[in-house]
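K.L.:
Here's a structure for you.
The values are calculated or read from the model by the stated rules, or taken from the named source; none is laboratory data. Quick caveat: nothing in here was measured; it's all calculated off a predicted structure. Here the Cβ positions follow ideal geometry from the backbone for every residue, glycine too, while neighbour counts run over all protein chains shown.
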């Protein structure tokens, strides 16, 4: 019995292009490569259904860009594992940022709470230098 193979999971790149995706003109799903003068489709920027339909319509002869997991499956835009990982990354970044901001403001609060008490102590004695002069002048008399 023949096993049904998903066209998306059997994508192979025969000859990788030397072009840099970031330097190509286009959007997150389709860009034009100046080196090979062909359109390059980003399978990882499409939903699984859209990527499968695109591969079916082009009969597999197309330039593509994609991310493949270690198990061989291609990551698509609607991949629940990829979305979950992205959300975790955002949550960690937001948590770290919030922690840094709270630490900064806590440090300001501690600094400000010690500063007025020190100034009040020095002002009540008339300042450190003048107090020592008064003390010295009292002993000299």
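K.L.:
With the structure loaded, tell me whether residue 114 is assigned to a helix (DSSP H, G or I), at pLDDT 80 or above and outside the structural domain of residue 21 (by TED's automatic domain parsing) or whether it fails that test.
P.N.:
no
Residue-by-condition table, conditions (1) outside the structural domain of residue 13 (by TED's automatic domain parsing); (2) touching a strand residue (DSSP E or B) at 6+ places or on another chain (Cβ under 8 Å); (3) more than 16 Å from residue 9 (Cα to Cα):
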| residue | (1), (2), (3) |
| --- | --- |
| 30 | no, yes, yes |
| 36 | no, yes, yes |
| 44 | no, yes, no |
| 52 | no, no, no |
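K.L.:
Give the stretch 10-28 a look and list any residue that's touching a strand residue (DSSP E or B) at 6+ places or on another chain (Cβ under 8 Å) and not in a strand (DSSP E or B), or say none.
P.N.:
Listed by number, the residues that qualify are 11, 13, 17, 19, 21, 24, 28.
K.L.:
Which residue is surrounded by the most Cβ atoms within 10 Å (Cβ to Cβ), if the candidates are limited to the stretch 51-68 and must be in contact (Cβ under 8 Å) with a residue 12 or more places away in the chain and outside any strand (DSSP E or B)?
P.N.:
Here the residue is 51.
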